[in-house]
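The values are calculated or read from the model by the stated rules, or taken from the named source; none is laboratory data. Not measured: the values here are computed from a predicted model. For neighbour counting, all protein chains shown are included, and Cβ atoms are generated from backbone atoms with ideal geometry for every residue, glycine included.
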Amino acid sequence: MNQHLERVLLLTKVPLFSYLRTDQLNRLAPLLEPVAWPKGARIFDMGDMGLEFYVITEGRIGISVATDPSQHIFINELKAGDSLGEMALIDNEPRSATAHVLEDTQAFALDKEKLHGLLMAYPELGIGMLRALSQRLRALTPRLVKTSK
Amino acid sequence: LVPHEAPLEWVAGGGLVFAVALFWVKLKKNEAYGDSLVELVGQSVFTGDAGQAAELGRLDNATAFRLADLMQQAASHPVAINYADMLESLAPEYAGEAMLSVYPSLPPKLQDQLLLRLARLAPSNWEAIAMEAAQHGDAHLVETTARLLLAADCPAAKAQAQNWLDADSPRLQSAAAVGCLHGDATEPALRAKSREVLERFLTSRDSADYLAALGALAAMPHEDLLPWVRPMLVDDSARARALALKVWSRCPQSEGSGAARELDAAMRDASHEVRAAAIRAAAQLQLPNMPALDWLGGALRDPDYRVRQVAHAFARSFMPKHREGWVKALTQRETDFELQTVMVSELSATDIESKATLLRQASERHARHARNKLLIMENIPHAEKAFSQEYQLLKQVLREEARRHLDAVLHILGCLDHGQQMRYIRAGLASRDKHLWAQALESAMQLKKEGHLFRELAILFEAERESSPLGGEPPAGNALGAWLDWCQEYGSEWLAQCAKYCQGKSRVEP
């Protein structure tokens, strides 16, 4: 399939972009940079400054909050369709966790400036981001309850 | 009312008491009106819509000065500017004096923003007060003061002109030079020096120099400098390109050959600032053969919201001027949905006699397009290779476009309805709550004139939302190839692109 249309089709399956129409995705798709990491790599470490956020298209990523970034204790696992790294781009704080590549992974990257531009251009994208973030919070709540007990 | 036998003194006395009472009531009423307006303005009820506030009535002298006091106490500059807007709209005859009364005590940045209004309203002694304030102000205020006072031929400013033109700052030099060029009574020597300063800066390689000159000219364009401004339209600096466009579009000589070509290039510039300046320039220039709707449509779809905002603000300048133009524009640009929405709103605001007919015809065309697209979408599963990714995408695009046609119909019906009933119906139809949706549709069908259209909409909405079968034959027969051709002919650019791709794919993989 044509690479561009393929990318649009892929984006239609990403929950973050679910509020956008395909013609909007068609305009947005060229702004995304394809990136890839081999199994075992670290995408970013806790405390790094956030410059980009990623939408996973293939592979698996483990999220760790261990102070030693080499430790493999994951609080969450992300798969195709999930996004990561958006928090640091929104609040300008350092990365709150370390991202480990658990399988060869492919993703689309979007830098801070482009993300801000897109949020202005397509406010629906903000709703998608809020949904992704609140789903992540919901997923963490039972674990927090369990830990506090 | 007056008895025949009543003494004349009694009648006169009664009349006098009545007149005094009436005068007192009127005074109290004006006072209460002023109080309430000040209160509403203070709460920013009329933010950004000074025209609407002006329709409410005028403020008296005392209330205007109270508003100016509030402007002085405002917590932020945008709020203070809001007061200034209100003063200009509600009390144009007192606004200048009222603003001038608080001007010296305002912060320099706000003084800078108010100075143009003062120059426009020209209350007595404004030049002296502005000149005095500039002594204590920042560099920006001095530049604006120099430009405006020299343009107004203020003697005190003229005495300073030579110093300003020889100053170290290119911005102050440029501001003074532009002011001198605009002054009616500027001495020839000063005028010549001003031209020389601006020409030197505009041809300088230092961006600080030419941006200073362009900035001053953008605030007050002067056609004499146009030959030096025009090359800046293709400058490397986006700021310079945007400022040059602003100057160029506001000079009468600009409508020369190549203007449309230069604007067209600016519309596709990488910088949002230039694209926004280009659409504003096109609205101001009104070139005879400019592709107005192409430019406006592109700007309305621009990925940058600032360009879209400018396009919305200036949309009216791009609209057709007569009935035939509207017919052509509405039919030829049915799938440019952003443009179509703006055109419908603008048409409904015109005085064109047959606008209701034109709008109804447009709504019927949109409903027909929605039906055709839904029919093709419905029939694609029966076609060969229907489950391939390309066709899944094509179906999604068809569904989205059908939905946008339905939204266009609702928008048009909303514009036709002066009772605002349609607003509530539209809100109900946009709801995901099935009961609310059904209720809104039921109300819509009761509307006499549009009832038949709503019955069609009900069926189309059901097909789009619930995938319930529409029945009937898709346009252009029953062959997949014919549907793909139809999509390319009647669909949006995006639908055509998807259909073309599916068509190419079918040829490669028979």
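With respect to the conditions (1) under 21 Å from B:Tyr305 (Cβ atoms); (2) part of a helix (DSSP H, G or I), A:Leu110 falls short on a single one, namely (2). Counting the residues of the stretch B:456-498 that are part of a helix (DSSP H, G or I), touching a residue at least 60 places away in the same chain (Cβ under 8 Å) and within 14 Å of chain A (Cβ to nearest Cβ) gives 6.
The set of residues in the stretch B:136-157 being over 25 Å from B:Ala208 (Cβ atoms) and either surrounded by fewer than 19 Cβ atoms within 10 Å (Cβ to Cβ) or under 33 Å from the mean Cα position of the chain (by Cα) (or both) consists of B:His136, B:Ala152, B:Asp153, B:Pro155, B:Ala156.
Applying a threshold of 7 Å to beta carbon distances and a minimum spacing of six or more residues, or different chains, the list of pairs starting in the stretch B:433-455 at a residue that is over 20 Å from B:Glu466 (Cβ atoms) and ending at one that is at pLDDT below 75 and not hydroxyl-bearing (Ser, Thr, Tyr) reads B:Gly451/B:Met445.
In the stretch A:121-141 there is at least one residue matching the filter, namely being of a type in the set (Ser, Thr, Tyr), part of a loop (DSSP other than H, G, I, E, B), at negative phi and within 14 Å of another protein chain (Cβ to nearest Cβ).
A:Arg95 satisfies every condition listed in (1) more than 14 Å from chain B (Cβ to nearest Cβ); (2) in a strand (DSSP E or B); (3) under 23 Å from A:Gly126 (Cβ atoms) except (2). Every test in (1) surrounded by 17 or more Cβ atoms within 10 Å (Cβ to Cβ); (2) at pLDDT 85 or above is passed by A:Asp104 save one, and that test is (1).
Those residues that are more than 21 Å from A:Met129 (Cβ to Cβ) and assigned to a strand (DSSP E or B), I need them from the stretch A:25-57; list them, please. Selection gives A:Ala36, A:Trp37, A:Arg42.
Could you check the stretch B:302-331 and list, in sequence order, the residues that are farther than 14 Å from B:Ala276 by Cβ and either within 14 Å of another protein chain (Cβ to nearest Cβ) or of a type in the set (Phe, Trp, Tyr) (or both)? Write out each step before concluding.
Taking the stretch B:302-331 first, the residues farther than 14 Å from B:Ala276 by Cβ are B:316-331.
B:Phe318, B:Trp326 - these are the residues of the stretch B:302-331 that are farther than 14 Å from B:Ala276 by Cβ and either within 14 Å of another protein chain (Cβ to nearest Cβ) or of a type in the set (Phe, Trp, Tyr) (or both).
Yes/no matrix, rows are residues, columns are (1) more than 28 Å from B:Tyr391 (Cβ to Cβ); (2) surrounded by 20 or more Cβ atoms within 10 Å (Cβ to Cβ):
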{"residue": "A:Gln24", "(1), (2)": "no, yes"}
{"residue": "A:Arg27", "(1), (2)": "no, no"}
{"residue": "A:Arg42", "(1), (2)": "yes, no"}
{"residue": "A:Gly47", "(1), (2)": "yes, no"}
{"residue": "A:Asp82", "(1), (2)": "no, yes"}
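In the condition set (1) in a helix (DSSP H, G or I); (2) touching a helix residue (DSSP H, G or I) at 6+ places or on another chain (Cβ under 9 Å); (3) surrounded by fewer than 22 Cβ atoms within 10 Å (Cβ to Cβ); (4) of a type in the set (A, V, I, L, M), B:Ala167 is compliant with all but (1). In summary, B:Tyr501 fulfils each of the numbered conditions (1) at pLDDT below 85; (2) within 14 Å of chain A (Cβ to nearest Cβ); (3) surrounded by 17 or more Cβ atoms within 10 Å (Cβ to Cβ); (4) more than 36 Å from the chain's Cα centre (by Cα) with the single exception of condition (1). Looking across A:Ala66, A:Ala41, one residue alone is over 30 Å from B:Arg301 (Cα atoms) and either within 14 Å of another protein chain (Cβ to nearest Cβ) or modelled with pLDDT under 90 (or both). It is A:Ala66.
Pairs linking a residue in the stretch A:1-18 that is within 11 Å of chain B (Cβ to nearest Cβ) and surrounded by fewer than 21 Cβ atoms within 10 Å (Cβ to Cβ) to a residue that is at pLDDT 85 or above and assigned to a loop (DSSP other than H, G, I, E, B), with Cβ atoms under 7 Å and 6 or more positions apart or on different chains, are A:Lys13/A:Gly81.
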